[in-house]
Amino acid sequence: MSQRQLRLGAFIPAYGHHVAAWRHPATPANAGQDFQHYKRLAQTAERGLFDAVFLADGLAARGEGEAGERSAYSDHFEPLTLLSALSAVTEHIGLIATVSTTYNEPYHLARKFASLDHLSGGRAGWNLVTSATEEEARNFNLREQLPHALRYQRAREYVQVVKKLWNSWEDDTFVRDKASGVYLQGNKRHVPNHVGEFFQVRGPLNVARTVQGQPVLVQAGASEDGRELAAESAEVIFTAWQELADAQAFYRDIKTRAARYGRKPEEILIMPGVFPVVGRTEEEAQAKYQALQDLIHPTVGVGLLSALIGADLSAYEIDGPLPDLPETNGMKSRQALMYSIAQREGLTIRQLYQRIAGARGHRTIVGTPESIADQLAEWFEAGAADGFNIMPPVLPTGLDDFVELVIPVLQARGLFRTQYSGHTLRENLGLARPAHPAAATVAQTIAV
């Protein structure tokens, strides 16, 4: 039995991760607007003892023209609203939402996540991103998005402001003593008074310090700027790798960088995305995968690849090679990954979109429960991952398959829990609750 156990997140877009998942007969046609569908997914993930459910997000309807008409990316719930509702119908599972630093003010974000942490009893997590598309910029009074490096410079200060706001009050500030008439202890109030390059925020936050001290910080960038932000601030990192050696190198790099910020390696959990297609036999698994691949319309496939590359590929020969294009101002690490896959495997545009139509650059594993468990264990034990962000191909059946077939294999090998170990997301992830800075200062003074 392994003492170290892997962590699992359930990444649950409305229909599933395959670009054609919405066309699959097992998926509700209106999944993006069906709360009962999301409720079932969250409760299934909790039954499987997942650490958290994870919701991605974007601030624009994706895709125009025929590609947009054939893709299911234009109608889904705002994630914090949805997770607040899911907090009332779950008890243990963490609730992680993507919210952009580019088009939200720090005060708004700090207040919403602090509220979610209280509502859920300490299960909130924030996946911090910088918005990467021109469509999003045009929805927020801009003609084009901010440059990549500037977005990350701004994001680093943004996180500092949010943390200060979450520490506006010490844990025992609000005594609410009716007999004395004292509601709060004023000496435990800490006004951030932040004045920086990008933000001026006085505070304090009008929400008490949260159950977890602060929600768990999650980050997903793998560019140079993204790695530095993750090493400084992230507690969980979602990342995309195809090869074990590349994943190991990223793992070592992040853990090494974290030391420069006075952080220990175990304070950051690295969880690559995995797209598992589960079958009771190899033949069944391959048949499930091929059934999805057969549903891809070429226009949709080219549109997906264009979004990941950061350039419109519709004018290029679909059965020709990926053209040489300038570096994007959008998702730099994902663009680099697309070129790496195409060059390593000698793929045409059509072959490349077929290759990434499910996982969008994350690792695809098609096989039996045992073979999938084997491959997860290999990366986990080889220093490439602390756990995985599971990306079901179709929902709800893809999540059902993983919970019912793969989880028992991992548990039998001692690689995954058989019950929740704590009440908060931090406790279940094995992450420490951060002490309030004032309390930490007092402790240091006493020690001296």
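The values are calculated or read from the model by the stated rules, or taken from the named source; none is laboratory data. Every value quoted in this text rests on a predicted model; they were computed, and no experiment measured them. As a convention, Cβ positions derive from the backbone with ideal geometry for all residues, glycine included, and neighbour counts pool all protein chains shown. These accessible areas exclude ligands, DNA and RNA; they are computed on the full protein's heavy atoms, side chains included. Shrake-Rupley method; radii C 1.70, N 1.55, O 1.52, S 1.80 Å.
Here region 85-208 carries DSSP beta bridges of which approximately 40% are antiparallel, counting only pairs with both residues inside.
Think of region 1-108 as a dipole: +1 on every Lys or Arg Cβ, -1 on every Asp or Glu Cβ, centred on the Cα centre; then among PHE54, TYR107, GLN5, GLN5 lies furthest on the positive end. Note on region 254-322: dipole from Cβ charges, positive end direction compared against GLN286, GLY262, PRO321; the farthest Cα belongs to GLY262. Using a Gaussian network model on the chain with a 10 Å cutoff between Cα atoms, which of ALA240, ALA373, ALA382 fluctuates the most? Comparing ALA240, ALA373, ALA382 in a Gaussian network model of the chain, the most mobile one is ALA382. Using every pair of distinct Cα positions in the chain, the Kirkwood expression returns a hydrodynamic radius of 22.8 angstrom. Between LEU165, VAL274, PRO28, the Cα set farthest toward the positive side of the dipole of the chain (charges on each charged residue's Cβ, about the Cα centre) is that of LEU165.
The phi-based Karplus calculation (6.51 cos²θ - 1.76 cosθ + 1.60; θ = phi - 60°) puts the 3J(HN,Hα) values of region 372-377 at 5, 4, 4, 6, 5, 4 Hz, whole numbers, x for Gly and Pro. Which residue, GLU317, GLU267, GLU78, tops the fluctuation ranking in a GNM of the chain built on C-alpha contacts under 10 Å? Ranking GLU317, GLU267, GLU78 by mean-square fluctuation puts GLU317 first.
The charge dipole of region 97-199, taken about the Cα centre with unit charges on the Cβ atoms of Lys, Arg (+1) and Asp, Glu (-1), comes to about 200 debye, rounded to the nearest 20.
Computed about the Cα centre, the dipole magnitude for the chain is approximately 1540 debye when only Lys and Arg (+1) and Asp and Glu (-1) carry charge, each at its Cβ. The aspartates and glutamates whose alpha-carbon is closer than 18 Å to the alpha-carbon of LYS164, local same-chain residues fewer than 8 away aside, are GLU105, ASP117, ASP172, GLU197, GLU232, GLU235.
Among beta bridges from DSSP that stay inside the chain, the antiparallel ones total about 15%. Between ARG143 and GLN3, the C-beta separation translates, for a Förster distance of 60 Å, into a calculated FRET efficiency of about 0.65. Using Cα springs under 10 Å in a Gaussian network model of the chain, which residue among LEU165, LEU41, LEU325 shows the largest mean-square fluctuation? Per the Cα network of the chain with a 10 Å cutoff, LEU325 tops the list.
Here, region 109-250 has an Rg and a Dmax of 18.3, 64 Å when only alpha carbons are counted. Charge dipole (Cα centre; +1 on Lys/Arg Cβ, -1 on Asp/Glu Cβ; no other charges) of region 283-417 amounts to roughly 340 debye. Divide the volume of the convex hull around the Cα atoms of region 38-155 by the residue count and you get 119 Å³ per residue.
Protein heavy-atom surface of the chain, 1.4 angstrom probe: 50% of the accessible area is carbon and sulfur, with nucleic acids and ligands not counted. Could you tell me which of the pairs LYS39/LYS288; LYS163/LYS264; LYS288/LYS332; LYS163/LYS188; LYS112/LYS264 are separated by over 21 angstrom between their Cα atoms in the structure shown? The pairs that break the limit, which is 21 Å between Cα atoms, are LYS39/LYS288; LYS288/LYS332; LYS112/LYS264. Neighbours of PHE238, meaning other residues whose beta-carbon lies under 15 angstrom from its beta-carbon, give a summed charge of +1 when Lys and Arg score +1 and Asp and Glu score -1. Partner aspartates and glutamates whose Cα lies under 12 Å from the Cα of LYS178, excluding those fewer than 8 positions away in the same chain, are not found. The peptide list 141-147, 413-419, 393-399, put in order of mean Cβ contacts within 10 Å with the highest first, becomes 393-399, 413-419, 141-147. The slack between GLU267 and GLU284, meaning 0.36 nm per residue of separation minus the straight C-alpha distance, is 2.2 nm.
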